[in-house]
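Report on one structure; see the data block that follows.
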Amino acid sequence: MQRRRYPRALALVALATAVATATTSAAPTTATAESPSPAETRLSATLDAILADARLDGAQAGVVVADATTGDTIYQRNGDRRLIPASNTKLLTSAAAMELLGPGHRFTTDVLRSGAKRGSVLTGDLHLRGGGDPTMLAADYDALAARVAAAGIRVVTGDLVADDTRYDATRLGPDWTWDDEPYYYAAQISALTVAPDTDYDAGTVIVSAAPGADAGQRPKISLTPSTGYLRIDNRATTVATGTTSISFDREHGTNTVVVTGQIAHAATPSSDWVTVWEPTGYAADVFRTALRKHGVRVLGKTVPGRATPTGATGVARHDSMPLAELLVPFMKLSNNGHAEVLTKEIGRVLSGSGTWSAGIAAISRYVADAGMDTGTLRQRDGSGLSRRNLVPPDEFVDLLVAVRAEPWFDAWYAALPVAGNAERFVGGTLRSRMAGTPAANNVRAKTGSLTGVSGLSGYVTDADGRQLVFSVVLNNYLASSVKNLEDQIAIALASYTAEGGTAARTAPPAAPEIPGTPEGIECSWLKPITC
């Protein structure tokens, strides 16, 4: 059994132990590595056999298992190897957000006016000021518009100003690949945005195609939320019979969505999430439509990216759910946009700069304080979509041990996906994995996937009732999936007993067949696939 270096949370325990030892013996002692127990030897043999799978030939595998209370290492293979972590990166971002912003942190979206109000006429501008809220729905903008009308404003002679200046204007994360841009997991980041539903994929719209009235006609296209910000180029066809195969592709640099393929006449509508170009304008369009619905006319144009003047008068306000609640859709569904907004929000709150660089610098300082050796890792974004992120598995284990002592840990732990739990906002990206095994409703861990990259890092309670932490990061494999290898490791840990080795209670699951995904796609984010 190897003693790991002490994270912050264990440092005081170590100090107290050292002081107590010094008072009972003045003689110097020499620390020696403990030999593994027979149970640990059997566990090591089990995990080594799993990692000998032919799918990992020529690949890189880093695996570390430790006691969650003491930090003692129980198993490690290539624990210090820097590997691409994919969405396991969210462990750093989410923990730092809870510590640096606080569980009660909320995002505020407000409406203000500048100029004079005489009767129902505002002679000036109406300002929609974004606070970064990634959970703003069309219904929330509608409620803001209703409050503007209730404040007695019926005509705005000036402009509708869309203020997204809380964050910088860099919309896409560093190192993200260009061909990911249309997909919801790579949506542009803005301090003023819209989510189409309660998955809260901000900066996207849901595009749906329903069959036309007759074969040969174009499908009927609808958008959620309804918006004039996108243009539809409908090239698809309704067919009498056959397979439905519809694609929605947004042209680069535009908000033109090209719909191609075919839909069977008797088929149910086909839908997909599509990102928008410049979400600030998207939010302003949704809000302007809501104003019109509530009888408020804005005579001027929509002006994006201009700061609200000092002294503007508040008219309406919307506060998001607190961060502790936002963690649930963020971590359960591995929401990239939430990770990137939180990164910029951390930068804005701590240094006044809503940028990736400022946010990542603050995250780095926090995780270093928590016990991670930041000299051995590199973080480039908040979500893990960048392939230049590099984190050794033993650093994930250090973080997982350390955060157990944080006052916000229970909420953070509850937000992790739960293996084998079919409830979407409980099981999350693990809801279809490890069901019917000792790991089901036991393992709580963050998934991660890119093409050729897979990871699973989190917590498991073994057969003796002891909590373990683990990190499995696999890189450079050519197989379509190695997820069941992670599952076998987690099941072995759930079955582990310090007295009897590994309890053979349930056989590891068969390898799932995961459809191939385009290069760079984080398959745990794909709808409806769970990897």
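The values are calculated or read from the model by the stated rules, or taken from the named source; none is laboratory data. These figures come from a predicted structure and were not determined experimentally. Every residue, glycine among them, receives a Cβ derived from its backbone with ideal geometry; neighbour counts consider all protein chains shown. For the accessible areas, the whole protein counts, side chains as well, though only heavy atoms, and no ligand, DNA or RNA atoms are used. Shrake-Rupley method; radii C 1.70, N 1.55, O 1.52, S 1.80 Å.
Partners of K483 within straight-line reach, counting lysines whose Cα lies under 18 Å from its Cα and excluding those fewer than 8 residues away in the same chain: K332, K446, K527. Around the amide H of V239, modelled in the peptide plane, lie the amide H atoms of G216, I263, A264, H265, all under 5 Å away and 5 or more residues distant in sequence or on another chain.
Taking every protein chain into account, the accessible area of the chain amounts to 38 square angstrom per residue (probe 1.4 Å). Each of T177 and S357 was given a label point 7 Å from its Cα along the Cα-to-Cβ line. The distance between the two points is 2.7 nm. Ordering 155-165, 305-315, 444-454, 282-292 by mean Cβ neighbour count within 10 Å, with the highest value first, yields 444-454, 282-292, 155-165, 305-315. Overall shape: oblate for the stretch 122-215, with the ratio a/c of the largest to smallest alpha carbon gyration tensor axis at 1.5 or above and b/c at least equal to a/b. With the highest mean first, a sort of the peptides 357-369, 235-247 on other beta-carbon atoms found within 10 angstrom per residue produces 357-369, 235-247. Using the Cα gyration tensor of the stretch 368-489, with a ≥ b ≥ c the square roots of its eigenvalues, what is the shape: rounded (a/c below 1.5), prolate (a/b larger than b/c) or oblate (neither)? Taking the square roots of the gyration eigenvalues as a ≥ b ≥ c, the stretch 368-489 is oblate. Its Kirkwood hydrodynamic radius, worked out from the mean inverse distance over all distinct Cα pairs, puts the chain at 24.9 Å.
Starting from the Cα gyration tensor of the stretch 38-99, take the square roots of the eigenvalues, sort them a ≥ b ≥ c, and report rounded, prolate or oblate (rounded when a/c is under 1.5, otherwise prolate if a/b is larger than b/c, else oblate). Here the stretch 38-99 falls in the oblate category. Can you list the lysines whose alpha carbon sits under 22 Å from that of K301, skipping same-chain ones fewer than 8 residues off? Partners within reach: K117, K293.
Between helix 393-402 and the chain there is an angle of about 80 degrees, using the helix long axis and the longest principal axis of the Cα atoms.
The stretch between T198 and A210 holds 2.1 nm of extra length on full extension. This uses 0.36 nm per residue minus the Cα-Cα distance.
With respect to the chain, whose longest principal axis is taken over its alpha-carbon atoms, helix 323-332 is tilted by about 80°. With no solvent and one point on each alpha carbon, what is the Debye value of log10 I(q)/I(0) for the stretch 186-237 at q = 0.21, 0.22 Å⁻¹? Those come out to -0.81, -0.85, one per q. Multiplying each eigenvalue of the alpha-carbon gyration tensor of the stretch 62-188 by 5 and taking the square root yields semi-axes of 47, 18, 11 Å, largest first, rounded to whole angstroms. Projecting label points 7 angstrom from Cα along Cα→Cβ for R147 and R297 puts them 2.6 nm apart. Computed from backbone phi with θ = phi - 60° and the Karplus coefficients 6.51, -1.76 and 1.60, the 3J(HN,Hα) list for the stretch 130-147 is x, x, x, 4, x, 10, 5, 9, 4, 5, 6, 5, 5, 5, 5, 5, 5, 6 Hz; x is used for glycine and proline. One decimal place: the segment D369-E499 gains 43.3 nm when fully extended, by the rule 0.36 nm per residue minus the C-alpha distance. With both labels modelled 7 Å from their Cα along Cα-to-Cβ, the A240 to R317 distance reads 6.3 nm. When a 1.4 Å probe is rolled over the protein heavy atoms, the share of accessible surface on the stretch 32-183 that falls to carbon and sulfur comes to 50 percent. With a 1.4 Å probe and every protein chain kept in, tell me what percent of the accessible surface of the stretch 290-366 is carbon plus sulfur. Its accessible area is 53 percent carbon and sulfur atoms.
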